[in-house]
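Heads up: the structure comes next, in structure tokens.
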Amino acid sequence: MRKRIQNRFGHRCLLIAVLVTLVATACKTTPSSPPYQFESEPRPVLSMSGIAQSRYARLAVNEVTSGTVHLLAVIGGADKSRIALLTSEDGGDHFEAPVFVSAKDADISSHGEDSPALIVTPGEIYAAWNEGGGIRFARSLTWGESFEPPVRIDDKVTPAFSGYVSMGLAPNGDIYLVWLDARDEAETPDTFSVYLAKSTDKGASFSRNIRVARSVCPCCRPNLSFGPGGELIVFWRKVYPGSIRDMTSAVSSDGGASFSEPVRVAVDNWVLEGCPDSGPATARSGSRVYVAWLTEASADRSGVRLTWSDDAGRTWAPAVFASQKILDANYPSLSVADDGSVVLVFQGRDPQKQAGWSPNAAYTVVIGADGKLSTPTQIADAASSVMRPTVVAGKGGRLYTTWTTSQDGASSVFLVRGRRRPA
């Protein structure tokens, strides 16, 4: 009798084991292919054009001619730097000679977080940058063949620092600039303010400067986006009591004349007695506004976080770690693809290589309309460390990524192109 029970029990165990194996096999998913396929080799595109040193480029693609790529960068050594625009008419295969945007002897900031800003429309090209601790703006009405003389945007009366500028184009065509400014007496020690200026005539003139916020981290670039109804949303890293430096936003429904009470985008509670030198990235797809940023609140809560708002920045979804398991993730950049998905690029280290101390590489994550994130994909092998990658999406599933790499004391801008894989 006991033997019969043992046999029955053994058969049941075998059946259960088989069923568990079948269920486990059915539930196991094969990782999908990365959403984009990239060139195998990054190219130092500006040194290929005869420029010995270049850094901190911004990219834009012409909306009308999808093969036209514009690249704004700081070129030259630290003592003689200029802002220049280079244009490619063949999708980045070759770039034409640089068109200088800043004056010859201008005092240009070449710091990574304090790098230039770029906007390209079908008819105009706009550039903004820090020159001598002040905000400068220049425009081209000739598709980048030449630029008008730069104009000063900050209207402070007494000498004070202004820099870390970002620029955005509203749905109605108005241009907004936001930047860090030291003109005010600090509410919190060692903090700046965020100011903005606005143009309603394609950059021919700008409004007076308007203060958006105080107690702002003094080396984290602010940024801006727009809601579906034209609402202006400004982002900055606020310094809260206890040296907490968390991402914050405010909304204006009257073109920047006034703002809502600031909203904490996420309660990271990152305590830091210093400046992380890393600001937010933003993008809007349809009615959804995205923002990504760095936090290192704790050992298990560090990396690039991401959240979004479906009500023009009034409330924010619970934030997620978009960088997932990538180590030392930082410097996010966002762009909206032609299929409505959002592409995130950031720098980080492969946790599987050299005990996590491989050179910084560029990674991409695609955020679908359902909010699901792809697994981070390394864009190219990192022979030398990647610094501050940026991304812009074009038509036909094209993707362009650029970063700065330093070798033997010289810096160069590298470009890698990608294409979306067929569904």
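Just so it is clear, none of the values below were taken in a lab; they were calculated from the coordinates. Since the model is a prediction, treat every value here as computed from it, not as a measurement. In this analysis, Cβ positions are derived from the backbone assuming ideal geometry, glycine residues included, and neighbour counts consider all displayed protein chains.
Below, the figures for the structure above:
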quantity	calculated
Fewest-first ranking of 346, 38, using other Cβ atoms within 10 Å as the exposure measure	38, 346
Qualifying GluC sites (Glu not before Pro) in the range 151-241, DSSP loop, other Cβ atoms within 10 Å at most 13	185, 187
Cα long-axis angle, helix 2-27 against the chain (0 to 90 degrees, to the nearest 10)	20 degrees
Sites residue 187 and residue 96, calculated FRET efficiency, Cβ-Cβ separation with R0 35 Å, nearest 0.05	0.15
Kirkwood Rh in Å, taken over the chain so that all alpha-carbon pairs contribute	22.6 Å
Alpha-carbon centroids, the range 259-281 and the range 112-173: separation in whole Å	25 Å
Footprinting exposure proxy for 402, 121 (fewest neighbouring C-beta atoms within 10 Å first)	121, 402
Among the listed pairs 198/238; 198/325; 202/372; 80/325; 353/395, those beyond 28 Å (Cα-Cα)	198/325; 202/372; 80/325; 353/395
Stretchable slack from residue 353 to residue 103, in nm (0.36 nm times residue separation minus alpha-carbon distance)	85.5 nm
Formal net charge of residues neighbouring residue 124 (Cβ-Cβ distance under 15 Å; K, R +1; D, E -1)	-3
Net charge, residue 260 excluded, C-beta distance under 10 Å - Lys, Arg +1, Asp, Glu -1	-1
Length added when fully stretched, residue 423-residue 339, from 0.36 nm per residue minus Cα-Cα	29.1 nm
